[in-house]
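One structure is given here, and the rest of the page talks about it.
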Amino acid sequence: MLLAILAMLTGVRPVFAQSGKISGTVTDMKGEPLPGVSVKLTGTKNGTVTDIQGAFSLTADVAKGTLEFSFLGFEMQTVPFTGAAVLNIKMQQATAK
């Protein structure tokens, strides 16, 4: 209790990880939108899929991290982000190996 009062008097505030909105679009190499792409925050269960225009939006409870983009027939991509971000992702078709 004494520490809380002391913190209020000195202006010290606890620091919490900031959450932010991460959004953007996913297209193929020709610029065509890709609906249904899986977008996942690495190391979490937080994710979404792109809409018919290839747009996505999700909230991350971390200031920085990595997103994983995956779609059948395309190479998986991992993309780092810092804070609230707008990302424009171009996915490349997978090649037969």
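The values are calculated or read from the model by the stated rules, or taken from the named source; none is laboratory data. Being a predicted model, the structure only gives us computed values, none of them experimental. Neighbour counts are summed over all protein chains in view; Cβ atoms, including those assigned to glycine, are modelled from backbone coordinates with ideal geometry.
Checking each residue in region 83-97 for being part of a strand (DSSP E or B) and surrounded by 13 or more Cβ atoms within 10 Å (Cβ to Cβ) picks out A85, L87, I89, K90, M91. Among the residues of region 46-60, write down those that are at pLDDT 90 or above and not hydroxyl-bearing (S, T, Y). If the condition is that a residue be at pLDDT 90 or above and not hydroxyl-bearing (S, T, Y), then N46, G47, V49, D51, I52, Q53, G54, A55, F56, L58 are the ones that fit. Just one of the listed residues (G11, G20) is at positive phi and modelled with pLDDT under 90, namely G11. Here A63 meets the list (1) at pLDDT below 95; (2) surrounded by 16 or more Cβ atoms within 10 Å (Cβ to Cβ) almost entirely, failing just condition (2).
For region 67-82, filtered to residues that are surrounded by fewer than 14 Cβ atoms within 10 Å (Cβ to Cβ) and either of a type in the set (V, I, T) or touching a residue at least 12 places away in the same chain (Cβ under 8 Å) (or both), the residue that is farthest from V26 (Cα to Cα) is T82.
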